[in-house]
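Any read-out appearing in this document is the output of simple, stated calculations on the displayed coordinates, not a laboratory observation. Computed from a predicted structure; not experimentally measured. Ideal geometry is used to build each Cβ from the backbone, glycine not excepted, and the neighbour counts take in all protein chains shown.
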Number of protein chains: 4
Amino acid sequence: MAFRVMSINSLKQATLLGELLARSFSTGPKNIGFVGLGNMGHAMASNLISKGHKLHVFDISADAKDALKAKGATTYDNVSELSKASDFVVTMLPNNDIVANTYDSILAGGINTSTFFIDSSTIDPNVAKAVQQKVKAAGATFVDAPVSGGVPGAKNATLTFMVGGTADEYETVKGILEGMGKKITHCGGYGMGQAAKVCNNMMLGISMCGLAECMNLAIRLGLDPKVFADIINASTGRSWASEINNPVPGVIPTAPAANSYAGGFATGLITKDLGIASAVATTTNTPIPLGALTHQIYRTLMAKGLANKDFSVVYDFIKNDKA
Amino acid sequence: MAFRVMSINSLKQATLLGELLARSFSTGPKNIGFVGLGNMGHAMASNLISKGHKLHVFDISADAKDALKAKGATTYDNVSELSKASDFVVTMLPNNDIVANTYDSILAGGINTSTFFIDSSTIDPNVAKAVQQKVKAAGATFVDAPVSGGVPGAKNATLTFMVGGTADEYETVKGILEGMGKKITHCGGYGMGQAAKVCNNMMLGISMCGLAECMNLAIRLGLDPKVFADIINASTGRSWASEINNPVPGVIPTAPAANSYAGGFATGLITKDLGIASAVATTTNTPIPLGALTHQIYRTLMAKGLANKDFSVVYDFIKNDKA
Amino acid sequence: MAFRVMSINSLKQATLLGELLARSFSTGPKNIGFVGLGNMGHAMASNLISKGHKLHVFDISADAKDALKAKGATTYDNVSELSKASDFVVTMLPNNDIVANTYDSILAGGINTSTFFIDSSTIDPNVAKAVQQKVKAAGATFVDAPVSGGVPGAKNATLTFMVGGTADEYETVKGILEGMGKKITHCGGYGMGQAAKVCNNMMLGISMCGLAECMNLAIRLGLDPKVFADIINASTGRSWASEINNPVPGVIPTAPAANSYAGGFATGLITKDLGIASAVATTTNTPIPLGALTHQIYRTLMAKGLANKDFSVVYDFIKNDKA
Amino acid sequence: MAFRVMSINSLKQATLLGELLARSFSTGPKNIGFVGLGNMGHAMASNLISKGHKLHVFDISADAKDALKAKGATTYDNVSELSKASDFVVTMLPNNDIVANTYDSILAGGINTSTFFIDSSTIDPNVAKAVQQKVKAAGATFVDAPVSGGVPGAKNATLTFMVGGTADEYETVKGILEGMGKKITHCGGYGMGQAAKVCNNMMLGISMCGLAECMNLAIRLGLDPKVFADIINASTGRSWASEINNPVPGVIPTAPAANSYAGGFATGLITKDLGIASAVATTTNTPIPLGALTHQIYRTLMAKGLANKDFSVVYDFIKNDKA
C-alpha cells in the first residue's frame, strides 16, 4: 500500500519525531510490557523475548504469567507498575470493556509520559479513540494496532498489524511490531487500525457466507466442487475465501474444511468482529444489509454450538441434508 | 483448472469422437449460423468472420442482420433454413423463453443431424438441459456455453466460455469458441456451463454489494478509501471486485465508478443472473440468504432507474447522504 | 370486505349472467368433477357430496378414488371424460406443472363449453392466467379460487376461497364454493385469487419469522413469554401469528407449538408459497427483501428436515441452545 | 394482560408495600420532578399539572422550561435540587448516554431515599438495569417505564406505559402514570419495561416493512390495494400495521400514508429502537435475521433523508417507479 509522506509541520513535531526515531531505532533491547497472555499474547510476547527485548508481563491467570516467566519475562500483579517499567506496553485483550478497564487501572496508578502504549486487541474504533484521549491527557502516547493472522501468525511472527495513529507514531512502533509480524500497515489516525480491521473482517465474513451458498448451490445443480472452485478462482467470483479457505471439504487439502473445520478463524471470533461492525454501523447510521445478515447467520451458528469451529463451517450448516 | 481425462467407452463413441475431431480440426473454414445479433452477438459473429468462417445470421432486427451482411454474412428470415446451412449454430439470446422458442422453431423446420448447436445465452440450467434433450431427440448435438467478459470481451475475442457437455463435445466446440474467446472451460455435463455461470455471478453480486457496504462503512468511520482499498486487497477481504472494480469513485481510475458508473456490467444483467440463481435455488431447495438479499438490493436499484449503470453503482445507492 | 358492484355492460353479458345465475341457483344437485383427491381434495369433495351434489372424481391414486367412490362418487380414468360429465370441475393439485398439464389433458380431449372450471390449487398467478386463456379459447369458463384454512378448514367446510374472475363468474361459483367453505372472497380478475393468496401468505411467513425472533429475544432478555405475548397482543406488534399461533411452546395451549409443532400449516407449504412469491417478484421486478429472507429461512428449515412441522417451528430452530 | 398476583413474602415487604401504597394512594397532590421537556415530555408534564400535581421541571432548553413555568411548574437549573424537592421524578430523555449521565448528576448531588425515580425514555434494558442498581445503592427506588403512543398519546394522556420493577413498585407508580396514560403494564423486573418495548417495536418494524413489500407486490400483480387490504385484514396476514397504518396512500384515510407520511411514528425513532434491539441481540447472542434486515432498511431510509417521515414511508421507498 501507498503510505503517506510524513509532513513535519513544526519544530515541536520535528523534535518529537527525533525523539521517537531515536527511541525506535536505538540498537539496544527495549523494556516492553505485555498485558494479556492468551494464545495470541503468549506467542507474541515470546517472539519479542526472542528478539532480545526485556518483557514485563501481566495476565489475570497466574499460569499464563508463569509460562512467560519460564521464558525470561518479569511478572507483575499490577498493570500500573508494569507500565512504569516499560518503554512500550502492548495490550492484547478480549473486548471493549476489558481494554477500557485495563487502561483505567494503568492510568489510575500513574504513568511515565515517555511510555508508548500499543493496543493490539480487536475493539470498537470509538473505544480505541476514547482510550487514546485518556492516555494523551495523561501525557503519554497510544496507538491502536489490531492484528490479523491468528494464532499461526502470532507463533510465526507473520501477523499483519493495522496501525491507527500519526505517521510519526507509526514509524516509532513499526520496529517493535516487526518483532511480532511481517506486515505493518498505517491505516490513518487514532481508531483507524480498528476501523480497517472491522471493515476488512466484515467483508471476509460476507465473502465466506456467500461462497458457502454458491458452492452449495453449484454442487446441488450438479457441478463438481473442485471444478467449480477452479472456475470461480479464475473468474469474477474469486476472493481470498475461495482461493485459500474454500469451505467444502476436500477442495483445498490444507483448509480447515478438510479437517472437520478445526483450526483456522473461529466462528466465535468472526461473530465478535461482526458485532463490532454492527455497533459502529449503528453509531454512524451506515446501512450494512449483507454485513448484518452475515452477523445473524454466524450468530445462529453460535446458537448451534459451532463457536469454536473455523468460520467456513457455515457451508456445513447451510448445505441441505434433508430436502 | 483440471479437466477430466476423456473416457472412450465404446466403438460408437470413438467413431463419433473421430467425426467430431475431424470436423473441428479440419483446416478449411466452417459454415457457422449465428442467431441473436445484439451488442454481444454482433461482435462475436464479426470475430468469427475475421477468423475466416462463413457466417449465416438471423436476428429479429433487420438492421442487426444488415450490419453483419455488410461484413460478408448471409442473412436469413428463418432459423430453420439457417441451421440447415450450418455446421455449427451459435445462439446468443436474451432469456429462457426466447431460447426455448428459437430451438422449437429450428427443430420444427427439420435439422441436419450433423449440425452442432452452441447456446451462449445466459439461461436457467434446467432450460439448457431441456433444449439439449430436444436437440438430441432430433439427432443433433447441443451444448450450453455461456460467456463472461461482456461487450469488451466480445469485441476483443477475450470472452470466457463455460461449456456444459461431454468431454468430446467440449473438444469439438473448443476450436470454434476460441475464435470468439480466450478461455474455454469445461464445466461438466449439459447445463453445467449455465450452472457455473449463475453460481459465479451470484458470488460476484454478493462480493460487490458486500464491498460497497464495507467501503462505505470504512469511509464513514474515517478511513481514506484508497488506503482502505489497499489494505483490503492485501488482506482476507480481497476479491475480484475489490481488486478490479472498486465501487468508490476515484479508487481505481479505470473502474466504472470513475466514470459515473458507465460501461461495465449492467445492474440489469446482474439482476437477471440473480433471478436465475433464485429460480434454481427454489427448484433445488437450496438456501441462499445472501444471494437472495443481494438480488433484492439490485432489484431495488432497478426500481430506482439504475438498470443501465455498472453494478458497482450499489455503492452510490447505499452511501449516506442525509444521515 | 367491500365487493364491487357488478356492472352489466351488454346484452350478451346479461344473457350470460342469466344463464350463470340459473345454473348456480337452480335447486337441484349439480354434476361436479373433482380432480386431485389428497387430504384437502378428499375433504372438499366429501363436503360437496354431503351437500347433495353428484361427484365425478379423478386422482392418480386408485386408493384416493376408491375412498370417494365409497361415499357415492363416480370415478374416472380420464380427466377429459370427467369434465364432459360435469357442470363444474374443481381442480386441487400440487403445483404449476401438474395444473397446466391437467388442463392440457382436459382440453385435448374436448370439453363442453358450458362447463365451469375452478382451480383451487395454489399456483403462480401467471400460470392461472395462462390456463384461463386456454380454457376460454376452448369456449368454456375458468376461475382461480385458491383456499386458506388447511385440512381442518377443508374438513369442516370453513375454508376461505379467494376468487379471481369476473364479478359474474364470482357470483356463479359462490354457491358451489359455499359447499366447501365459509368465506368466498372476490379478489379481482383472473389470477388475482392466486395473487391475493401468495401475497397474504408471504406476509404470514414474515410475521411468523419476525415473531419467532422477537419472542426469542424477549425471553433471552428476561421477559416471561406469556407476559410478553400479552403485551405484544395489546400493542403495535400484534398480528394473526401473535394472537393465534404463538410459536413458543406453552403460550397458547391450542397452538401447534404446544404439541411439538404437529398439525397446523406445514413448513413445506409456506416454503412452496414463498417460492411462488419469489418467482412473481422476479417476474415483476418487485423488491421483497424480508419476503426473500423469510423464504431462505424456511428453506433452511426444510434442509434440516422440518418440512412437515408447523411453520411456527422456526422459533425452535432459531432459539439459542448453546450460546 | 394477566397481571401477577402480588406475593408478600415477609413482614418487611408488607411494611414496604404499606408505605408504598400509602404514598401512591394518598389523596393530596404530589411533588413530581420532570426531566426532559421535549414534545413528549412537555405534554406528559402538562397532564400531570392538570391532574393537580406540583411539577418541578428541568430541560437543557430554557424555552422548554419556560413553557412549563407558564403552566405553573417550578423550574430548576440542577437535576439534583429538582430531585430533592420531588416525591417522584420522571425522566424522558433521548438516549442511553443522556439517561446515564442525568442519573449520575442526580446522584452526585445527593438524593432523598424516599424519592421514586421513573425513567420513561426508550433505552437499552441493560442501561436501565445499571441505573436501577446505582439508584438502589443510593437508597432510593427506580423503575423503567417506557411508553408507546407517541406525541398524540402524550397529549391525550392515552400512552401505554411498560413498567419494569417489582410488583409493589408497579402498584406504587401506577397511580402516577395513570395521570399520563391509559394503560399501565407490568412487564417484569428491572429493565423488562425496556425489553418489552424494544421487542414489540422490533416486531412493529418487521411488520411494516413486510407489509410494504406485500402491498407493493400485490399491486404490481394487479390487485386493487383496498381490496387486498381487506383480504389481508380478514386473513392470516393481518397485523396492527395492516389494520391501522396501511402504508399505501388512500387505503386508510386517517393513516400517515394519506398525508404524505407526515405525523405518526418517525422513521428516525423506529431506527433508534431497532438499534437498541440490535445491540441487545448482540449482547445476548440472539439471532434476529429479519430484525437486523429491517434495521438496515430503515437505516437506508435515514440515509435518503426520510428520518422525519412516518415509518410507513418504507412503502414509498421500495415501490417500483422505473422497472
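Numbers at a glance
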{"read-out": "Size descriptor, Kirkwood hydrodynamic radius, that averages inverse alpha-carbon separations across the range B:156-241, Å", "value": "15.3 Å"}
{"read-out": "Kyte-Doolittle at least 0.5, axis length at least 20 Å by Cα - qualifying DSSP helices, chain C", "value": "C:11-25, C:192-221, C:267-283"}
{"read-out": "Whole-angstrom Cα spans of the protein assembly as shown along principal axes, big to small", "value": "93, 82, 50"}
{"read-out": "The range A:268-319: proportion of alpha-carbon pairs further apart than 18 angstrom, %", "value": "30 percent"}
{"read-out": "Candidate aspartates and glutamates - alpha carbon under 19 Å from residue B:84, same-chain residues fewer than 8 apart omitted", "value": "B:19, B:59, B:104, B:119"}
{"read-out": "Cα gyration tensor shape of the range C:26-175, rounded if a/c is under 1.5, else prolate or oblate by comparing a/b with b/c", "value": "rounded"}
{"read-out": "Convex hull volume per residue for the range B:51-100, taking Cα atoms only, in Å³", "value": "92 Å³"}
{"read-out": "Cα-based reach from residue A:51 at 18 Å (exclusive), listing aspartates and glutamates while leaving out same-chain residues under 8 positions away", "value": "A:87, A:178"}
{"read-out": "Radius of gyration and Dmax over the Cα atoms of the range D:145-185, both given in Å", "value": "9.7, 29"}
{"read-out": "Rule-of-thumb Rg ratio for the range D:70-137 [Cα; 2.2 N^0.38 Å; N residues]", "value": "1.09"}
{"read-out": "Longest to shortest principal axis, alpha-carbon extents of chain D, angstrom", "value": "66, 46, 34"}
{"read-out": "Cα-only Debye scattering, the range C:117-186: base-10 log of I(q)/I(0) at q = 0.24, 0.25 Å⁻¹", "value": "-1.03, -1.08"}
{"read-out": "Restraint check, B:71/B:174; D:54/D:309; C:226/D:136, Cα-Cα greater than 32 Å", "value": "D:54/D:309"}
{"read-out": "Antiparallel %, DSSP beta bridges [both residues in chain B], to 5", "value": "15 percent"}
{"read-out": "nm² value of the averaged projected area, convex hull over the Cα atoms of the range A:87-245", "value": "10.7 nm²"}
{"read-out": "Label point 7 Å beyond Cα along the C-beta direction, distances from residue C:258 to other copies (nm, shortest first)", "value": "3.9, 5.5, 6.7"}
{"read-out": "17 Å tail of the calculated P(r), the range C:229-283, as % of Cα pairs", "value": "51 percent"}
{"read-out": "Residue pairs, from the table D:30/D:134; A:183/A:304; D:69/D:272, whose Cα atoms sit over 27 Å apart", "value": "A:183/A:304; D:69/D:272"}
{"read-out": "Antiparallel DSSP beta bridges within the range B:48-172, as percent of all bridges there, nearest 5", "value": "25 percent"}
{"read-out": "Reference-scaled alpha-carbon Rg (2.2 N^0.38 Å with N residues) for the range A:29-82", "value": "0.96"}
{"read-out": "Cβ-derived FRET efficiency at R0 41 Å, residue C:95 paired with residue C:66, nearest 0.05", "value": "0.95"}
{"read-out": "log10 of Debye I(q)/I(0), alpha-carbon scatterers only, for the range B:196-323 at 0.09, 0.11, 0.23 Å⁻¹", "value": "-0.24, -0.36, -1.38"}
